[in-house]
Amino acid sequence: MKQSQLFTKTRKEAPKDEVAKNAELLIRAGFIHKEMAGVYSMLPLGFRVLNKIIGVIRKEMNAIGGQEMSLTALQDKNLWEATNRWDDGIVDIWFKTKLKNEAELGLGFTHEEPLTALMTEYVDSYRDLPIYAYQFQTKFRNETRAKSGIMRGREFLMKDLYSFSKDEKEHEEFYEKAKKAYGNIFNEVGIGDRTYVTFASGGSFSKYSHEFQTLTEAGEDTIFVSEEKKIAINKEVLNDEVLGDLGLDKSSLVEKKAVEVGNIFSLGTRFSESLNLKYKDETGSEKFVIMGSYGIGSGRLMGTVAEILSDEKGLVWPMSIAPFHIHLILLNDKENKASKAADEFYVELARKGIEVLYDDRDLRAGEKFADSDLIGIPVRVVISEKTIAENVVEVKDRKTGEVHKVSQEEFIRTFGFK
RNA sequence: CGGAGCGUGGUGUAACGGCUAACAUUCCUGUUUUGGGAACAGGCGACUCCGGGUUCGAAUCCCGGCGCUCCGACCA
């Protein structure tokens, strides 16, 4: 799109009420807008990144057999009473509201209850299982203290997948697949090298759950990392038993701050028993479905990438989730030769399916470059009087700062963006 | 929820209890400039978060709200 049509603009200074680096940069660059504490709107650039992240996650979820759907945000009190999760004394992050007739409703903070209840309509036989259903849905959590920009909000988009399996074996197989898929996702969005499968509390149906923890000082979790095995243990569960289970020696572990970007959890029959989700096995006897839940906070993931992959000049998006593939920058000349060439190049790139943010604004070079660095699109292409004279375009890599010049044809032929 | 700090044009800051609330930036006009947030000139934009109180006089002091940030607690 043409940057002259983008309604957001960059700022030199971040609002003083933001300290978190991710929020500062994302606000300065025009990706997000703060509505109130812990509640952020997605602006055009931010929305594009969020959708790219969704795309990456969706691809992996579909690959392991996930079926995408969409549950409701409004929640039926009765369902949650059945699992004993309605009471504010038990779940203290509910946002609740009322109908005109005073009946209470909740705004969903997770979706085990409604999906499990829904599945009772469709699951009768072992032939119906397994089922893997997922969604991208806005979650509401009444956090006592929102913090860290978009990394801990009160309203955020989350991918949550729920698995419904016949038995433990089937569940375990899927659980491992999901773990791999999660690894793929974090690799693809560029934080794989510092994201660790982390052993955490498992609840009543399994010994451990697994968190995906990404190292960053902005995180609020403390984990103990084993570089050698590329795994970690959440401080909450660090004890001799865990160390023994994993064959690790405490002295080999390094304490680090990290943010939980994903989490997979075995639920056993916790919900299927409460909500009566059963199937008939081959012998005709009734059994409870074995469940698991698998979450990724997509907004938090976006904030984490912003936090980690940025530098002093601004954001640095990996190609996989950048708002655009290329930032085409026109430096105007008197005869408008450059603008004509840039206009044409923009159209040509778009025709090839390359996503381009075209800075066609009538501004000086310095301001355009500063904006470009701040927004962080991975490849910057400059067309100016100079490049026209040499019959090339100037290509700069946002991450490395490397610059090279190639002809337009060469650029299009060699541009690999996936 | 405990503790600390802070609310002044869109943004960042300033202003002893006392003139028309100042400066920078953004934005608008014009001149000039055109490869790293240029320069000059002019201009728009604020009931100083809200409500009370003290005072001849309040952005400034006091009380009560509301909001924001940070530390802690919490975090399926």
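A few notes on this one:
- Condition check for A:F47: without any contact (Cβ under 8 Å) to a residue 60 or more places away in the chain, more than 16 Å from RNA strand B (Cβ to nearest atom) and of a type in the set (F, W, Y): yes
- Test result for A:A258, surrounded by 22 or more Cβ atoms within 10 Å (Cβ to Cβ), within 19 Å of the chain's Cα centre (by Cα), within 16 Å of RNA strand B (Cβ to nearest atom) and aliphatic (A, V, I, L, M): yes
- Condition met for A:R194 (within 16 Å of RNA strand B (Cβ to nearest atom), under 22 Å from A:A20 (Cβ atoms) and in the same structural domain as A:S298 (by TED's automatic domain parsing)): no
- Residue ranges of helices (runs of 4 or more DSSP H) in the range A:293-406 with at least 1 members of a type outside the set (A, V, I, L, M), within 32 Å of the chain's Cα centre (by Cα) and away from RNA strand B (no atom under 15 Å from the Cβ): A:298-308, A:337-351
- When residues of the range A:65-86 are limited to those that are in contact with a strand residue (DSSP E or B) (Cβ under 8 Å, 6 or more places away or on another chain) and in a helix (DSSP H, G or I), the one farthest from A:V289 (Cα to Cα): A:K77
- A:F212 fulfils the conditions (1) in contact with a strand residue (DSSP E or B) (Cβ under 7 Å, 6 or more places away or on another chain); (2) away from RNA strand B (no atom under 16 Å from the Cβ); (3) hydrophobic (A, V, I, L, M, F, W, C) except for a single criterion, (2).
- In the range A:233-255, the residue that is nearest to RNA strand B (Cβ to nearest atom) out of those that are of a type outside the set (D, E) and in a strand (DSSP E or B) is A:N234.
- Within the range A:26-44, the set of residues being closer than 12 Å to A:G314 by Cβ, assigned to a loop (DSSP other than H, G, I, E, B) and within 11 Å of RNA strand B (Cβ to nearest atom) comprises A:A29, A:G30.
- Residues that are among the polar types (S, T, N, Q), surrounded by 15 or more Cβ atoms within 10 Å (Cβ to Cβ) and in a loop (DSSP other than H, G, I, E, B), drawn from the range A:87-119: A:T110
- Residue in the range A:1-25 that is surrounded by the fewest Cβ atoms within 10 Å (Cβ to Cβ), counting only those that are within 13 Å of RNA strand B (Cβ to nearest atom) and part of a helix (DSSP H, G or I): A:S4
- Of all residues in the range A:127-144, exactly one satisfies the criterion of being buried (at least 17 other Cβ atoms within 10 Å of the Cβ), farther than 21 Å from A:L50 by Cα and among the hydroxyl-bearing types (S, T, Y), namely A:Y132.
- The condition of being closer than 22 Å to A:E307 by Cβ, assigned by TED's automatic domain parsing to the domain that holds A:L107 and among the β-branched types (V, I, T) holds for only one of A:I131, A:I185, A:I223, that being A:I185.
- Scanning the range A:226-273 for residues that are without any contact (Cβ under 8 Å) to a residue 60 or more places away in the chain, in the same structural domain as A:G299 (by TED's automatic domain parsing) and touching a helix residue (DSSP H, G or I) at 6+ places or on another chain (Cβ under 7 Å) yields a total of 0.
The values are calculated or read from the model by the stated rules, or taken from the named source; none is laboratory data. In this text the structure is predicted, and so the values were computed from the model without any measurement. Don't worry about glycine lacking a Cβ; one is built from the backbone with ideal geometry, like all the others, and counts go over all protein chains shown.
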